[in-house]
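Structure first, then comments.
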Amino acid sequence: MLKKDLIISLVAHLTLIAIIAVINPISAMLRPKPEIIIVKTFEEMGGGAKRSDPEPANIAPPKSGKTPDEVDDTPKIKEPEKKAAPVEKPKEKPKKKEPEKKKEESKRSTNDEESESKSESKDNSPKVNSDGGIEVNEKVGGTGAGTGAGPGSGNLPYNIGMVLKVIERNWRNVVTDVNPITCTVYFQIDRYGYVVGEPIIEKSSGMTAFDQGCVLAIKRAGQFPAFPASFNYQYIGLHLDFEYVPGM
């Protein structure tokens, strides 16, 4: 029974294979054949330009009458305009003004000296007060300027030089220094030659011993010469500079 089934299955398979082998050639024969298209290039067809080149546009000939082939269509680069170089003006050499400056400085120095001399003359000239007194500037010591009548008292009928000599003889300076020392003391002398009140220190030297010695020199002098009859002033106000100069 088994053999019978096996034989039947084998015969069926063989029959199926035979049917397939017969059907395939018949279907291949019945299929339509593909059309063969022959492609020719544009050059083979007689064209002068490649297909990739753009078609030339209808370009009108230029006014000059030249053909498009003769016209140079390359873009022209404009050369930059050359600007004229600015003309440099010759530099002027600075004028030397040093001599003028020196002249101005010399003039200033002379003017300053003149002004100082004028101020000194004004300061040393006698000044009359409203209360009938007269003010005079003098100095003693140092350079020996107080040994005679000062520049402000030369025209007075009263001998102020004698007053200065008396004060200088009574001056006891106990201070020494490497620098000059100056103290200004103001005091008044009445018509009879006496000192009015107490001497006043107008400008201190910064050294108490030196200042006190100047005041004591005036007090020790005592009485000075009286005014002459022709000297019509109530008192003399004397601004006296005491000067110490090292090495004198």
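Bear in mind that the values in this text are calculations on the coordinates, not laboratory data. Not measured: the values here are computed from a predicted model. Cβ sites come from the backbone with ideal geometry, for glycine too, and all protein chains shown count toward neighbours.
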For 163, 215, 128, 185, ascending order of other Cβ atoms within 10 Å (fewest first) is 128, 215, 185, 163
Using the Kirkwood formula over every pair of different C-alpha atoms, what hydrodynamic radius in Å results for segment 131-234?
14.4 Å
Going by how many other beta carbons lie within 10 Å of each one, how would you line up 164, 16, fewest first?
16, 164
